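Note sheet for the following structure.
The values are calculated or read from the model by the stated rules, or taken from the named source; none is laboratory data. All values reported here derive from a predicted model rather than from experimental measurement. Methodologically, a virtual Cβ is constructed for each residue, glycine included, from the backbone with ideal geometry; neighbour enumeration extends over all protein chains shown.
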Amino acid sequence: MVIAAKDIPYSWARRELTFDKTIKRGTRGSRARLVQELLFLTGSRIAIDGDFGPATAKALSEFQDREGLGTTGSANKKTFDHLTLPLRRALTPIENPVDDLGALAVAYAEQHLAEHPVEAGGDNLGPWVRLYMKGNDGPSWYWCAGFVFMVLRQASDTLDVDMPVLPTFSCDVIAMRGMEEQCFVPERKVSTGEAGDVKPGAIFLNRRTHDDWTHTGIVTSIDSETMETIEGNTNDEGSRNGYEVCARTRGLKNKDFVLVS
């Protein structure tokens, strides 16, 4: 069963995804913008400007018609719940979870990937970004680390264990905290076969210099030369400031790792 908004354990997501009142023509502000963003995520290419006008009403009516919700052009609770369903599915606790933090983090990453999280309204904007960034979004809110720690948070909460490293939005801080917790594995140990403990669920870090890391994601499998990943704020080209959650195949050059289990 998909989690209800009131049962989401993360306050920033619960606030945004909980229905509070009907959002309709004439509504302005963050709630109107949210409906526009959610409609954009369903394929409606309307302006995301926080002003619920005729174009938004038409797009919402078309969504309601497709979903069999009753065509009102207003976002009542039933319609709002349908619009937020992908985010709530991603946040739903996994039933009968494996008792391994890394493997469970991969399962949650796959659960998010299945919903195709993508930005809405511009660079680093939209409800998926705010989910990963504790309610924040905007051009300066790079969200790859936010995605990593969202799925690790879900896995840790499910198993009722502490997170392996404290959450952060900074790739450099992930590396620093991994070193402090003695779970940081540099590329040289992987390339020389000294790091057999890099397993699915590990955090990878894209290293630019010896003390600067620019992108991160979750390892889903790894061999001596390549790895499979799920990562946020990227795209098919592997950008570190892309627009979606993607599964990728990457080489191990300039990659360091933080172990989670």
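Structure notes:
- Scope region 81-118; condition touching a helix residue (DSSP H, G or I) at 6+ places or on another chain (Cβ under 6 Å) and of a type in the set (D, E, K, R); matching residues: GLU115
- Looking at ARG25, ARG14, just one residue is without any contact (Cβ under 8 Å) to a residue 60 or more places away in the chain and part of a loop (DSSP other than H, G, I, E, B), and that residue is ARG25.
- Residue that is surrounded by the most Cβ atoms within 10 Å (Cβ to Cβ), among those in region 196-229 that are under 18 Å from ALA103 (Cα atoms) and hydrophobic (A, V, I, L, M, F, W, C): ILE203
- Checklist (1) surrounded by fewer than 23 Cβ atoms within 10 Å (Cβ to Cβ); (2) in contact with a strand residue (DSSP E or B) (Cβ under 8 Å, 6 or more places away or on another chain); (3) in a helix (DSSP H, G or I); (4) of a type outside the set (Ser, Thr, Tyr) applied to VAL173, failing item: (2)
- Test: residue in region 132-150 that is assigned to a helix (DSSP H, G or I) and more than 25 Å from GLY121 (Cβ to Cβ): no
- Screening the candidates GLY146, GLY193, GLY135 for the property of being assigned by TED's automatic domain parsing to the domain that holds GLY251, among the small types (Gly, Ala, Ser) and at pLDDT below 95 yields one hit, GLY193.
- For region 193-218, filtered to residues that are free of Cβ contacts under 8 Å to residues at least 40 places away in the same chain and closer than 25 Å to MET163 by Cα, the residue that is nearest to the chain's Cα centre (by Cα) is ASP211.
- Single match in LEU104, LEU113, LEU83, LEU125 (criterion: touching a Leu at 6+ places or on another chain (Cβ under 9 Å) and outside the structural domain of THR22 (by TED's automatic domain parsing)): LEU104
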